[in-house]
Amino acid sequence: MDSSRRRVLQLLGLSSLALAARPVLNAFAKEAGPAEAPEPVTKPNAKALTAKQWAMVIDTRQFESVDDVEPLVEACDSIHNVPHLNNKNHEIKWIWETHYHNAFPGKAARFVSEEVEHRPFIVLCNHCENPPCVRACPTKATWKRESDGIVLMDFHRCIGCRFCMAACPFGARSFNYRNPRPFIREVNKKFPTRMKGVVEKCNFCVERLAVGQLPACVEVSEGKLAFGDLYDPNSEVRELIRTHYTIRRKQTLGTEPSVYYIV
Amino acid sequence: MLELAIKGGKKYYGWMTFLLVIIGVGFLLYMRQLDFGLGITGLSRDTSWGFYIANFTFLVGVAAGGVMVVLPHYLHDYKAFGRVTILGEFLAIASVIMCITFILVDLGQPMRIFNVFIYFSPRSVLFWDTLVLNGYLFLNIIIGWNVLEAERNQVHYQPWLKPLIYLSIPWAVSIHTVTAYLYCGLPGRGFWMTAILAPRFLASAFAAGPALLILCCLIIRRVSSFDPGREQIQALAKIVAYAICINVFFFLCEVFVAFYSQIPEHMDHIKYLFIGLHGHGAYVPWMWTSMALMLIGIILTVNPITRQNEGVLAVACVVIFLGTWIDKGLGMIAGGFTPTPLHEVNEYIPSVPEILIALGVWAMGLLILTALFKIAVGVKEELHE
């Protein structure tokens, strides 16, 4: 009698615990908005572009107004399912436009040419050769791909600690403060959407390089952006760097950014 | 010994119920955060760490502060502290549990926490922080529990505990050093990029931790028949006095370096906190209050007349605890993120749910602390009967 009463009480206790745990599990599992499995991510094919270290040269002289920047941002956002959130705190940005003195704080002199002052500057992940974000990540959810130097993100491994965001001196990383899926204008099923609670950033269009295409922003820039192998002396980027004076963001920090600017 | 924690009067249960209510509110809001995402906080793309991580940082200090009773007792054989070492160790346990909880509530994907162990990354300071924090928690549970049990049975504690006790002393220093390394090794964050950050964290830790311990001793004397002792409280007060002086000194060193060198990257964060930047200055009144509180704390604890008056000392401890909390728990993190690496000012203000969740974590820590202290005091009372 006694032991069976104890047993019933134990069961009651356990089931109430399970009931209490339900909302927790539900919260973990719940995710509003379309989350259908995307089509398989493209694997590198025969046309895949390769490099030792991909790099970008931005010819800022060719950017006059925001209108020159918009198509680039739009191409990137639509391909990568970058959501458009109204709350500034929750913004997700892969590539965006800023002022000279924001892109290059510390480099901007008190008096600069009016033209440069008003020129839009494109900023994105620098795919640093010595990336501090990779050092900071406690789960290797972000890493530097050895084959071509792209700094990548695994959205499924990221625990959302945001150490990489604190470590990045370029503000290149965004965090999904809420479920981004309802805010994607038109879902591109060829690229994964993200869930709340993970970090994301520019991936140098790794999925396009794999099938022989240049990054989307480079493609739509009509020559304003150049892309190529930094360690190939004959590449277009090296040619531009050789023939123009270029600067990089926060070079003194030793992260070795792979994005060069012609000013 | 656990049974001692449930033998209490009405006041004890009233206090515990009160804490449970706050925990409940925090827990419900945390459910909301799990559901919606960290968007219910005031955090942003620019200020990606805030109130949770700030409280975590402060509490690592309180946890490390426990070593200030352990060290004199075991290394210098300062016998008087034998009466209160258990309080220091139990304070460390409750604080570390709060720290770990603050980290958990700050994660975007908390159910993936074990990725830290599965894909262990020795180059990440966060990996080391996980190790030292959990290690310190276990050390204090093992040491505190066994020493108290031995005391209850009126025997000497097991000899194998001794090396663990010695280990726990540098370990306490390590938890706050590693926590400082989370920040001071990041390129492009001028406010944190200072070699003095870890020493500064330790100084404020050794002020805030013992100050809280003094307050606990004074409360314990009131609500139980166990007196932690006047000598003990006075010795702790001297530790607090030295530590708070060193903390303010370190801060002034930072101010000198930033403002004599005139390097904008280092100056701008301090400017933002103390005079405001580009028209944003939400933290200005808080930071000056913090300075004033720490200064009052110095005056009250350094001066022997005020220090020896336990009523005044209690005020001094409250003042120092609050002052160091604002300094570290409010200014240290927000100040490091503002202005941003792109030199924009996007002010971070913690949201109400965020503050309530943090309060819930504090209440949980206080609940654990109360239960642990109840056990410790229960044992002491048994022995003195």
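In the set (1) out of contact with any Gly (no Cβ under 6 Å at 6 or more places or on another chain); (2) within 18 Å of B:LYS328 (Cβ to Cβ); (3) of a type outside the set (D, E, K, R), B:LEU273 fails one condition alone, (1). Of the strands (runs of 3 or more DSSP E) that lie entirely inside the stretch A:109-170, those containing 2 or more residues that are within 13 Å of chain B (Cβ to nearest Cβ) and touching a residue at least 12 places away in the same chain (Cβ under 8 Å) span A:121-124, A:142-144.
Could you say whether any residue in the stretch B:41-57 is assigned to a helix (DSSP H, G or I), away from chain A (no Cβ under 12 Å), modelled with pLDDT of 95 or more and within 30 Å of B:ASP227 (Cβ to Cβ)? No, there is no match, as no residue in the stretch B:41-57 is assigned to a helix (DSSP H, G or I), away from chain A (no Cβ under 12 Å), modelled with pLDDT of 95 or more and within 30 Å of B:ASP227 (Cβ to Cβ). Looking only at the stretch B:29-52, decide whether some residue is among the basic types (Lys, Arg) and closer than 27 Å to A:CYS168 by Cβ. The answer is yes; a qualifying residue exists.
Residue by residue, here is whether (1) under 25 Å from the mean Cα position of the chain (by Cα); (2) acidic (Asp, Glu) holds:
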{"position": "B:PHE256", "(1), (2)": "no, no"}
{"position": "B:GLN262", "(1), (2)": "no, no"}
{"position": "B:GLU265", "(1), (2)": "no, yes"}
{"position": "B:HIS269", "(1), (2)": "yes, no"}
{"position": "B:TYR272", "(1), (2)": "yes, no"}
{"position": "B:PRO285", "(1), (2)": "yes, no"}
{"position": "B:ARG307", "(1), (2)": "yes, no"}
{"position": "B:CYS317", "(1), (2)": "yes, no"}
{"position": "B:GLY323", "(1), (2)": "yes, no"}
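Of the set (1) over 30 Å from B:LYS79 (Cβ atoms); (2) outside any helix (DSSP H, G or I); (3) acidic (Asp, Glu), all apply to B:ASP227 but (1).
Of the residues B:ILE349, B:ILE298, the single one that is assigned to a loop (DSSP other than H, G, I, E, B) and among the hydrophobic types (A, V, I, L, M, F, W, C) is B:ILE349.
Could you go through the stretch A:242-253 and let me know if any residue there is touching an Asp or Glu at 6+ places or on another chain (Cβ under 7 Å) and farther than 20 Å from A:PHE170 by Cα.
no
Could you tell me whether the stretch B:283-292 includes any residue that is in a helix (DSSP H, G or I) and within 14 Å of chain A (Cβ to nearest Cβ)? Checking the stretch B:283-292: not a single residue is in a helix (DSSP H, G or I) and within 14 Å of chain A (Cβ to nearest Cβ). Summed over the stretch A:87-120, residues that are over 17 Å from A:ILE58 (Cβ atoms) and at pLDDT 90 or above total 6.
Of all residues assigned to the stretch B:73-87, at least one qualifies as being assigned to a helix (DSSP H, G or I), free of Cβ contacts under 8 Å to residues at least 40 places away in the same chain and among the small types (Gly, Ala, Ser). Within the stretch A:175-185, the set of residues being surrounded by fewer than 24 Cβ atoms within 10 Å (Cβ to Cβ) and either facing another protein chain (nearest Cβ under 7 Å) or acidic (Asp, Glu) (or both) comprises A:ARG178, A:ASN179.
With farther than 21 Å from B:ILE239 by Cα and touching a helix residue (DSSP H, G or I) at 6+ places or on another chain (Cβ under 9 Å) as the only criterion, which of B:TRP128, B:TRP171 stands out?
Of the residues listed, the single one that is farther than 21 Å from B:ILE239 by Cα and touching a helix residue (DSSP H, G or I) at 6+ places or on another chain (Cβ under 9 Å) is B:TRP128.
Per this entry, A:GLY254 is counted among residues that are within 14 Å of chain B (Cβ to nearest Cβ), at positive phi and surrounded by fewer than 18 Cβ atoms within 10 Å (Cβ to Cβ). For the stretch B:274-283, a residue qualifies if it is more than 25 Å from the chain's Cα centre (by Cα) and under 15 Å from B:TYR348 (Cβ atoms), and the qualifying residues are B:GLY276, B:LEU277, B:HIS278, B:HIS280, B:GLY281.
Across the stretch B:262-282, the qualifying residues are those that are in a helix (DSSP H, G or I) and out of contact with any helix residue (DSSP H, G or I) (no Cβ under 8 Å at 6 or more places or on another chain), and the one among them that is surrounded by the most Cβ atoms within 10 Å (Cβ to Cβ) is B:ASP268. Determine, yes or no, whether B:ILE305 is assigned to a helix (DSSP H, G or I) and either charged (D, E, K, R) or in contact with a helix residue (DSSP H, G or I) (Cβ under 7 Å, 6 or more places away or on another chain) (or both). Considered against the rule, which asks whether it is assigned to a helix (DSSP H, G or I) and either charged (D, E, K, R) or in contact with a helix residue (DSSP H, G or I) (Cβ under 7 Å, 6 or more places away or on another chain) (or both), B:ILE305 comes out as no.
Conditions (1) farther than 30 Å from A:VAL134 by Cβ; (2) modelled with pLDDT of 95 or more; (3) assigned to a loop (DSSP other than H, G, I, E, B), marked per residue:
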position: B:GLN158; (1), (2), (3): yes, no, yes
position: B:PRO187; (1), (2), (3): no, no, yes
position: B:VAL248; (1), (2), (3): yes, yes, no
position: B:LEU252; (1), (2), (3): yes, yes, no
position: B:VAL255; (1), (2), (3): yes, yes, no
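Scanning the stretch A:239-247 turns up no residue that is assigned to a loop (DSSP other than H, G, I, E, B), buried (at least 16 other Cβ atoms within 10 Å of the Cβ) and over 13 Å from the mean Cα position of the chain (by Cα).
Listed here are the residues, each with its yes/no results for (1) crowded, with 19+ Cβ neighbours inside 10 Å; (2) part of a helix (DSSP H, G or I); (3) touching a residue at least 12 places away in the same chain (Cβ under 8 Å).
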position: B:LEU104; (1), (2), (3): no, yes, no
position: B:ASN140; (1), (2), (3): yes, yes, yes
position: B:VAL155; (1), (2), (3): no, no, no
position: B:PRO163; (1), (2), (3): no, yes, no
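For the stretch B:243-271, name all the residues that are within 14 Å of chain A (Cβ to nearest Cβ) and within 24 Å of B:ASN346 (Cβ to Cβ). Answer for the stretch B:243-271, where residues must be within 14 Å of chain A (Cβ to nearest Cβ) and within 24 Å of B:ASN346 (Cβ to Cβ): B:ILE263, B:PRO264, B:GLU265, B:HIS266, B:MET267, B:ASP268, B:HIS269. Here A:ALA226 meets each of (1) surrounded by 18 or more Cβ atoms within 10 Å (Cβ to Cβ); (2) out of contact with any helix residue (DSSP H, G or I) (no Cβ under 8 Å at 6 or more places or on another chain) with one exception, condition (2). Hey, A:PHE191 hits all of (1) in contact with a helix residue (DSSP H, G or I) (Cβ under 7 Å, 6 or more places away or on another chain); (2) of a type outside the set (Ser, Thr, Tyr); (3) more than 11 Å from every other protein chain (Cβ to nearest Cβ); (4) over 18 Å from A:LEU72 (Cα atoms) but one; which does it fall short on? Only one criterion is unmet by A:PHE191, namely (4). If you go through the stretch B:313-362 and keep only what is touching a Pro at 6+ places or on another chain (Cβ under 8 Å), surrounded by fewer than 22 Cβ atoms within 10 Å (Cβ to Cβ) and not β-branched (Val, Ile, Thr), you end up with B:LEU342, B:HIS343. Looking only at the stretch A:68-98, residues that are more than 9 Å from chain B (Cβ to nearest Cβ) and under 16 Å from B:GLU344 (Cα atoms) come to 2 in all.
Is the stretch A:57-66 home to any residue that is among the hydroxyl-bearing types (Ser, Thr, Tyr) and either within 25 Å of B:LEU182 (Cα to Cα) or away from every other protein chain (no Cβ under 12 Å) (or both)?
Checked against the condition, which is being among the hydroxyl-bearing types (Ser, Thr, Tyr) and either within 25 Å of B:LEU182 (Cα to Cα) or away from every other protein chain (no Cβ under 12 Å) (or both), the stretch A:57-66 yields at least one hit.
Entry remark, the stretch A:130-144: residues being among the aliphatic types (A, V, I, L, M) and either in contact with an Asp or Glu (Cβ under 8 Å, 6 or more places away or on another chain) or surrounded by fewer than 24 Cβ atoms within 10 Å (Cβ to Cβ) (or both) number 2 in total.
The values are calculated or read from the model by the stated rules, or taken from the named source; none is laboratory data. These numbers were taken from a predicted model, which means no experiment stands behind them. Cβ coordinates were reconstructed from backbone atoms using ideal geometry, including for glycine residues, and neighbour counts include every protein chain displayed.
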